[in-house]
1. Out of Gly245, Gly145, which single residue is touching a residue at least 40 places away in the same chain (Cβ under 8 Å) and surrounded by fewer than 23 Cβ atoms within 10 Å (Cβ to Cβ)?
2. Return yes or no: is Trp243 modelled with pLDDT of 95 or more, farther than 20 Å from Ser226 by Cβ and touching a helix residue (DSSP H, G or I) at 6+ places or on another chain (Cβ under 9 Å)?
3. Please go through segment 15-38 and pick out each residue that is loosely packed, with under 10 Cβ neighbours inside 10 Å and at pLDDT below 50.
4. Cβ-Cβ distance below 8 Å, separation of 6 or more or different chains: which pairs start in segment 83-110 with a residue that is of a type in the set (D, E, K, R) and surrounded by fewer than 21 Cβ atoms within 10 Å (Cβ to Cβ) and end on one that is part of a loop (DSSP other than H, G, I, E, B) and modelled with pLDDT of 95 or more?
5. Kindly check whether there is at least one residue in segment 111-119 that is of a type outside the set (Ser, Thr, Tyr) and either closer than 17 Å to Gly160 by Cβ or at pLDDT below 95 (or both).
6. Which members of segment 165-184 meet the condition of being over 22 Å from Tyr150 (Cβ atoms), surrounded by 20 or more Cβ atoms within 10 Å (Cβ to Cβ) and of a type in the set (Val, Ile, Thr)?
7. Modelled with pLDDT of 95 or more, closer than 27 Å to Glu188 by Cα and in a loop (DSSP other than H, G, I, E, B): which single residue out of Asn129, Asn102, Asn155 fits that description?
8. Filter segment 311-330 down to residues that are at pLDDT 95 or above, surrounded by fewer than 20 Cβ atoms within 10 Å (Cβ to Cβ) and out of contact with any Leu (no Cβ under 8 Å at 6 or more places or on another chain), then give me how many there are.
Amino acid sequence: MKRITILFSAFFLIINLNAQTFPTEDWQYNKKYETNDWDSTKLENYKKFLIDSSQITGLVIVHKGEIVFHYGDIKENTYIASCRKSILAMLYGKYAENGQINLDKTLKEMQINDISELSELEKSTTIRNIISARSGVYLTGSNPGDSREYAPARNSKKPGTYWLYNNWDFNVAGYIFEKETGRNIYDEVEKQLAIPLSMQDWDRSLQRKSGDLTISKYSAYHMWFSTRDMARIGLLMLNKGKWNGKRVLSENWIDEMTSQITSSTEVTNNTAKRGDVDFGYGYMWWLWENTNDSRLKGAYSAFGAYGQTITIYPEIDVVVAYKTKGIYGRSNSMSTRIKILKKAIENYEN
């Protein structure tokens, strides 16, 4: 009997060590993280690095659904810049799968045009091309912060054949979402993400669109989140759309939007190199490629200007989210942003 008890105890200990937890009203903080292969000395040095060598204002490292490290203000809702695009991609899944959004529908079929008239070639681009930044439309978006300076001449590339990080695509992706579904983006963030994930800091009243509508008719759908709520989004992605046993997003859609559509070679060729890591591109998510570090296998990120990210490391069950408040007028270079992420997982030694 004693032998059976010991065996059962060992069995449940193994289950507990490998269990995935989820935050409810608040996150659980793993205060015994060293038993899960995190080095306390390295984490303390990491904190010094963040203070001395970055402009980061809030960061969390989540392992197996618990916070093992946090830094700065992780509660305040601030501007997340282009991370908004990856969140929009998540919202698309439900409607792409139920048929309300047909990813092969063209701009011409949707009667979409802009202040600068689109050509017939440009109108032939599809929703799929747009959400993968391969539209072939090289108009200026209503807001800055893209790589349009690398754009080829208009009508020089057939839609779907050339990748360019252009806010015109992303803003039109937001317009198409609302046009095809009849739903407001921010209401959908609340319905699909904020409520199911029990976000602590979500504030619908903060969310608002903006842009110079004399340049383009399509506004940017800016978003404001806290660092710890961004980490909830990352944890949902890590768990393939399941949250505490409930299906929130489609696993097939998560796999599709984080699969390579554009190689890192094409990304590098068509824009400025983004630091010392190669990135491919899916549906508005950046994919880590060509790395020898096994901990980075299959990793992917949402990135935003100044220094915002939601980064998922499936191989080691880790999410890193960090923020840099834009109101300070400070920014982290792309190489610094990548260094912050790489140093975060260097603290994990399994």
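The values are calculated or read from the model by the stated rules, or taken from the named source; none is laboratory data. Keep in mind that this is a model prediction, so the values were computed, not measured. FYI the Cβ positions are ideal-geometry reconstructions off the backbone, even for glycines, and counts take in every protein chain you see.
1. Answer to the check: Gly145.
2. No.
3. Hits for segment 15-38 are Ile15, Asn16.
4. Short answer, once both residue conditions are applied: Lys94/Leu249; Lys94/Ser250; Glu97/Ser250; Lys108/Ser124.
5. yes
6. Ile176 - this is the single residue of segment 165-184 that is over 22 Å from Tyr150 (Cβ atoms), surrounded by 20 or more Cβ atoms within 10 Å (Cβ to Cβ) and of a type in the set (Val, Ile, Thr).
7. Asn102
8. Residues meeting the conditions: 1.
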